[in-house]
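Participant: Can you keep this structure in mind? I'll have questions shortly.
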C-alpha cells in the first residue's frame, strides 16, 4: 500500500514512525540466545535460519520504504530510530536491529557526509563483545562500501580496513 500511495506516509509523519517502529519490533523479535551452530558454522554454510527471516524482512521493508516514500522523508526518521536502538544497553537485539537497518541507507545517500556522524558508532561495534552485533557492524560496513563505492572507501578506509582485517579471524 505504501509503495502505491507514498503520499500517505509523506503527509503523516506519525504513521511513518509507527510503521518503522513495527518493522524494528519484528527485527528485534529473534531469539536472545546465540546458537552454538551460528557461532561455528560448517564450511560453506549458507544460513537458512528462521530468525534471520525477521531481520532480512525488516531490512527489505526499510529499503522499500526509503525507495517508495523517499529519502528526504524517511532517512531522518530511520536515523532517529537507529540511534535510539543502538543506545539500548540492556538487550543486544536492539543494537543488532538498528545496525542492520542502517546498512540499508547507503544506496539512498548521495553524500558520504550524511552518514559520517553514524560511522564512529558502527566502527565501535565492530569490536563489541556480542558476536551478532559484530556481525551486524561488519555487514553494515560491507553494505555501505558496496552501495557507495569510491566515496565510502576514500572517506573511511583508515578506520574500515584495520577493523575488517581484524574481523577475518572472528
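Participant: By counting other Cβ atoms within 10 Å of each Cβ, how are 75, 65 ranked from fewest to most?
Facilitator: Least crowded to most crowded, the residues run 75, 65.
Participant: Hey, what angle do you get for helix 131-147 against the long axis of the chain, alpha-carbon based, 0 to 90 degrees rounded to 10?
Facilitator: On a 0 to 90 degree scale, this one is about 60.
Participant: Helix 13-28 sits at what angle to the longest principal axis of the chain, using alpha carbons and giving 0 to 90 degrees rounded to 10?
Facilitator: In the chain, helix 13-28 runs at an angle near 20 degrees to the longest axis.
Participant: Separate question: Measure nothing but the geometry: give the 0 to 90° angle between the long axis through the Cα atoms of 92-102 and the longest principal axis through the Cα atoms of the chain, rounded to 10°.
Facilitator: So the helix axis and the longest Cα principal axis differ by about 60 degrees.
Participant: What ranking do 7-15, 141-149 get when scored by the average of other Cβ atoms within 10 Å per residue, highest first?
Facilitator: 141-149, 7-15
Participant: Assuming R0 = 45 Å, what is the FRET efficiency of residue 2 and residue 165, from their Cβ-Cβ distance, to the nearest 0.05?
Facilitator: E between residue 2 and residue 165, to the nearest 0.05, is 0.65.
Participant: May I ask you to sort 152, 24 by Cβ crowding, counting other Cβ atoms within 10 Å and putting the fewest first?
Facilitator: Result, fewest neighbours first: 152, 24.
Participant: Could you work out how much longer the chain between residue 83 and residue 139 gets when fully extended? Use 0.36 nm per residue separation minus the Cα distance between them, nm to one decimal.
Facilitator: Roughly 18.4 nm would be gained on extension.
Participant: Kindly identify region 86-170 as rounded, prolate or oblate by the Cα gyration tensor criterion: order the square roots of the eigenvalues as a ≥ b ≥ c, call it rounded if a/c is under 1.5, otherwise compare a/b with b/c, prolate if a/b is larger, else oblate.
Facilitator: It comes out oblate by the Cα gyration axes.
Participant: At 222 nm, what value in deg cm²/dmol follows for the chain if DSSP H runs of at least 4 each add -39500 (n - 2.57) and the sum is divided by all its residues, to the nearest 500?
Facilitator: Dividing the helical sum by the residues of the chain leaves -21000 deg cm²/dmol.
We did not get these values from a lab; they are worked out from the coordinates using the rules stated. All values derive from a computational prediction rather than experimental measurement. Cβ sites come from the backbone with ideal geometry, for glycine too, and all protein chains shown count toward neighbours.
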